[in-house]
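All remarks here apply to the structure that follows.
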Amino acid sequence: MKIDYSTPNTPFPTFGYFGPKYFCDREDELHALDLAFHGNIPILLTGIRRLGKTGLLHHFLHHRKKKEVGIFVDLLNVGDMRGLVAKLSEAILRAFPEEKKYKAIWETTQKLRPTISFDEFSGLPQVSLSLSNEKEAERSFTHLLDSLSSRSEQLVLIFDEFQQVIHFEDSHVESVLRSEMQQHPSIHYIFSGSKTHLLSRIFQDSTRPFYGMVQSIYLEKLNASVYQKFIATKFSEAGKSISNELIKEIISWTDGHTYYTQYVCDQLFSGFQKKCKFKRPD
Ligand SMILES: Nc1ncnc2c1ncn2[C@@H]1O[C@H](COP(=O)(O)OP(=O)(O)OP(=O)(O)O)[C@@H](O)[C@H]1O
Ligand SMILES: [Mg+2]
């Protein structure tokens, strides 16, 4: 998939995905996602907070081929089916640019009478819908998935923060989605989230629709020595010097937690001009 990334203002971003140049390793996880993707098994990606699940999913999308289209649906703060349909429409419009060859999918989305605005920073479409109730939202959801299944591209539909669906009241989202997945096996699905206890309720409770439906991948911390090299390279590329001892100290202090390691490295990087020194607090 061809995606234009913006350049972060630091080599150690603490939010967002800026392309492989700013992303450390995850080769094995990428391979596991690839295998599951080609085996056509829905995937559940879990792991503790801020370790890099969302980043890995974008990294996975970056590696898709031309004919493979990724639709990334972020369910953070979504509380009902109407919100989900709005996010799915938005993700569809982002995945398929407004070009002649994607006219059909734009028309399908436009049947929902969306109000489309464009984010002032990223320029990406944002959608709000005025669906009258959850039943109408459910029908629209089915309609969108049906129209995706008729596309000639290989589609991967990613639901990040999927545990949100547990909070949907009066909704049959799990059974609707499961039946759509069974009717249209050509679409690949990845579910992700960090609230493991809620995700296990969805995927491991034998009375729920998604029981036994997915192959799980649990994200571990980055390999310490690979991360160490990555950090050293980023400093040296910018003409700054940092000792291996200090990098090891940082990774041990953050316990290898990606977000905190990035945060400390960013602080050090922006605060020091040429050489990073470290003084252990008394
Ligand atoms: N492999 C990586 N290399 C470099 N930075 C990374 C990597 N993985 C994650 N990060 C950094 O850590 C930040 C947090 O990662 P991300 O948001 O992907 O974690 P998450 O597991 O999805 O978090 P949450 O549990 O909040 O959803 C990212 O914005 C990115 O800056
Ligand atoms: Mg995330």
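What follows draws every value from the coordinates through simple rules; no lab data is involved. None of these values were measured; they are calculated from a predicted model. Reconstructed Cβ throughout: ideal geometry from the backbone, glycine too, with neighbour counts over all protein chains shown.
If you filter region 179-282 for trypsin sites (Lys or Arg not before Pro), then keep DSSP loop positions with at most 13 other Cβ within 10 Å, what is left?
Sparse-neighbourhood loop trypsin sites (Lys or Arg not before Pro): Lys274, Lys277, Lys279.
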Item to check | Neighbour-count ranking [beta-carbon atoms within 10 angstrom, fewest first] of Trp253, Trp106 | outcome: Trp253, Trp106
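Mean 1/r over all different Cα pairs, inverted: what Kirkwood radius does the chain give, in Å?
Values: mean 1/r = 0.0488 Å⁻¹.
Taking the inverse mean of 1/r over all distinct Cα pairs, the chain comes out at 20.5 Å.
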Next on the checklist: How large is the Rg to Rh ratio of region 94-214 when both quantities use alpha carbon positions and Rh follows Kirkwood?
Outcome noted: 0.97
Checklist outcome for this item: Out of Tyr102, Tyr17, Tyr189, a Gaussian network model of the chain with alpha-carbon springs under 10 Å gives the largest mean-square fluctuation to Tyr102
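Quickly estimate the mean residue ellipticity at 222 nm for the chain, helices only: each DSSP H run with n ≥ 4 gives -39500 (n - 2.57), and the total goes over all residues, rounded to 500.
Details: 10 runs with 119 residues, N = 282.
So the calculated ellipticity at 222 nm is -13000 deg cm²/dmol.
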Checklist outcome for this item: Here the percent of antiparallel bridges among DSSP beta bridges lying wholly in the chain, to the nearest 5, is 15
Item to check | Signed unit charges on C-beta, dipole axis of the chain, positive-most listed residue Trp106, His59, Leu35 | outcome: His59
Checklist entry - Looking at region 129-186, which GluC sites (Glu not before Pro) are in a loop (DSSP not H, G, I, E or B) and have at most 10 other Cβ atoms within 10 Å? => result Glu169
Item to check | For region 22-139, convex hull of alpha carbons as volume per residue, Å³ | outcome: 155
Checklist entry - If you find the alpha carbon centre of region 195-234 and of region 9-84, how far apart are they in angstrom? => result 11
Checklist entry - Can you give the charge dipole size of region 26-218 about its Cα centre, rounded to the nearest 20 debye, using +1 on the beta carbon of Lys and Arg and -1 on the beta carbon of Asp and Glu? => result 300
Checklist outcome for this item: For region 95-173 the trypsin sites (Lys or Arg not before Pro) that pass both the DSSP coil test and the at-most-15 other-Cβ-within-10 Å test are Lys111, Arg151
Checklist entry - To the nearest 20 debye, what is the magnitude of the charge dipole of region 16-126 about its Cα centre, counting +1 on the Cβ of each Lys and Arg and -1 on the Cβ of each Asp and Glu? => result 280
Checklist entry - On alpha-carbon atoms, Rg over Rh for region 1-86 using Kirkwood Rh? => result 0.97
Checklist outcome for this item: Surrounding charge for Asn133, neighbours by C-beta under 14 angstrom, Lys/Arg +1, Asp/Glu -1, total -3
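Cut-off is 10 Å between beta-carbons; in what order do Phe269, Phe60 appear when sorted fewest neighbours first?
The order, fewest Cβ neighbours first, is Phe269, Phe60.
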